[in-house]
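The structure appears right after this line, and notes come after that.
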Amino acid sequence: MKLTSYWLDTSRPFSSGAAGPVEGTCDVAVIGGGLTGSSAALALAKKGARVVLLEAETVGGAASGRNGGMCNNGFAQDYATLSERLGREAANTLYRAFDAGVDTVERLVREEGIDCSFARVGKIKLAAKPEHYDKLARSQELLAADVDPDTAMVSRADLRSEIGSQRYHGGLVYRKSAGMHVGRFVRGLAEAAARRGVAIHERTPMTSLKAASGGGHLVGTPKGTVRARQVLLASGTSQTGPLGWVRRRIVPVGAFLIVTEPLPAAVLDRLTPRRRMATDTKNLVNYFRTTPDDRLLFGGRARFAVSNPASDEKSGAILRAALHDVFPELAQARIDYCWGGMVDMTRDRLPRAGERDGVYYSMGYSGHGTQMSTLMGTIMAEVMDGRAELNPWGDFAWPAIPGHLGPPWFLPLVGAYYRLKDRFQ
């Protein structure tokens, strides 16, 4: 079993990095080489900007290459509940932004010729308890009437057509959702940006950021300093560099995944006959899908802990037990990959994007970043060009999380709270 991301292990590493020191001037310095940073750099370069992208480690090596590869529309939260809190009009505007995110991924795959097995197979949200089905049905009725007619309920009696498991009580299908090989996608985006002249520096963390006399910003790195007219923070949960303001507003939560050995087509036809992306309604969520080479990926918030090799292996054992609970048929299947990644969670589980003290930012995707990060990278290129009205998150305040000043000491308490909710709700 490899303690590494399946997506990164089965995609070609980024190979078009810039050589030499970081120096001179540029129009935009992008901090972070994941999906937000790579899509923003590509969009900015297409607009004629001179762009320098600084990545602390490797392109796609953090959250962008360590997730489930699901490109899903719809909210993580219950639509009916969120629309009551935000209002139907606001909720529908944000819902359409997630739709636009999937469309943006599909467009970039086509335009840039990225071989990443993108496919609109749809998503099913599975009711973990009987009462959860009624909640899903209420949301689907509102969605179909107002914002997404490409949804449908599947009763428990009909669930066999979607999933070969007795564990769930029906589900809600989102037909616009898609899956892809996210490692090939994020690295393909970065290669496309490099072809258009973006200078991408891997293993080059930002170590200082300050206003420059006469305007712009001085961005310091171990390889030198660049003067940028604008800066975009696409740094997610990064613990490197002067990002204290961001860190007080984002909770890095571990998400853990396992991937089986390749499975016979007949087995997958029984377990996931439509090959949909699948997630359940638990707070400590589980999700699963097939991979392009016929494995089953199974992930979730197995533990509220940070990701490291020891933590990943502990979480992998929990996920293996959950996999066997959902699909007893796979009790003897070999597990080939086990890894973790850090999700940039906000307090309300909604993204944040905007500008502060002349520095732009987009992050906090809270587990739905594959499509939203790609969309927001392209949108932030427009926002930085004077079109702030295009930012769907521009009116959202982003206060600091009380008591959150450094490492997330409270994660075990949060995990215990959600375990209780899953048990009694």
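All of the numbers you see were taken from the coordinates with simple rules; none came from a lab. Keep in mind that what you see is a predicted model, and the values were worked out from it rather than measured. Heads up, the Cβs are rebuilt from the backbone with ideal geometry, glycines too, and the neighbour counts pull from every protein chain shown.
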Which angle between 0 and 90 degrees, to the nearest 10, do you get for helix 130-146 versus the longest principal axis of the chain when only C-alpha atoms count? 60
Going down the list Lys135/Lys314; Lys2/Lys46; Lys282/Lys314; Lys123/Lys421; Lys46/Lys123, which pairs span over 27 Å between their C-alpha atoms? Lys135/Lys314; Lys2/Lys46; Lys46/Lys123
Cut-off 13 Å, label 7 Å out along Cα→Cβ of Val414, residues of segment 238-282 by amide N: 247-255
I'd like the distance separating the alpha-carbon centroids of segment 23-80 and segment 340-404, in whole Å. 12
Using only Cα atoms, tell me the angle between helix 182-195 and the longest principal axis of the chain; keep it within 0 to 90° and round to the nearest 10. 20
Looking at segment 1-97, which GluC sites (Glu not before Pro) are in a loop (DSSP not H, G, I, E or B) and have at most 16 other Cβ atoms within 10 Å? Glu23, Glu57
Pick from Pro392, Pro408, Pro130: which residue has the top mean-square fluctuation in a GNM of the chain where Cα pairs under 10 Å get a spring? Pro130
What shape does segment 92-196 have by the C-alpha gyration tensor, where a ≥ b ≥ c are the square roots of the eigenvalues, rounded means a/c under 1.5, and otherwise prolate means a/b greater than b/c and oblate the rest? prolate
If I take every Cα pair under 8 Å that is 6 or more residues apart in segment 146-201, average their sequence separation and divide by the length, what percent do I get for the relative contact order? 31
GNM top mover of His201, His324, His181 - the chain, alpha-carbon springs below 10 Å: His324
So what is the 222 nm mean residue ellipticity for the chain from helices alone, if each DSSP H run of at least 4 adds -39500 (n - 2.57) and you divide by all residues, rounding to the nearest 500 deg cm²/dmol? -10000 deg cm²/dmol
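Would you please give the FRET efficiency between Glu131 and Lys47, computed as 1/(1 + (r/R0)^6) with r the Cβ-Cβ distance and R0 = 60 Å, to the nearest 0.05?
Given R0 = 60 Å and the Cβ-Cβ separation, E is 0.75.
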Given 0.36 nm per residue, what is the gain on full extension from Ala388 to Arg275 after removing their alpha carbon distance, in nm? 36.8 nm
Kindly state, to the nearest 0.05, the FRET efficiency for Glu23 paired with Arg88, given R0 = 51 Å and r defined as their beta-carbon distance. 0.50
Listed by chain and number, the residues whose amide H is under 5 Å from that of Gly367, excluding neighbours fewer than 5 places away on the same chain and using placed H, are Asp344
Compute a Gaussian network model of the chain, connecting alpha carbons closer than 10 Å, and tell me which residue from Gly68, Gly197, Gly403 fluctuates the most. Gly403
With segment 6-414 reduced to its Cα atoms and the Debye formula applied, log10 I(q)/I(0) at q = 0.07, 0.12, 0.13 1/Å amounts to -0.31, -0.94, -1.10
With each label point set 7 Å from Cα along the Cα-Cβ vector, what nm distance links Ala331 and Thr81? 3.4
Quick one: which residues, 5 or more positions from Tyr337 or on another chain, have an amide H under 5 Å from its amide H? H modelled 1.01 Å from N in the peptide plane, none for Pro or chain starts. Lys2, Val259
Between Asp150 and Ala265, what's the calculated FRET efficiency when r is the beta-carbon distance and R0 is 41 Å? Round to 0.05. 0.90
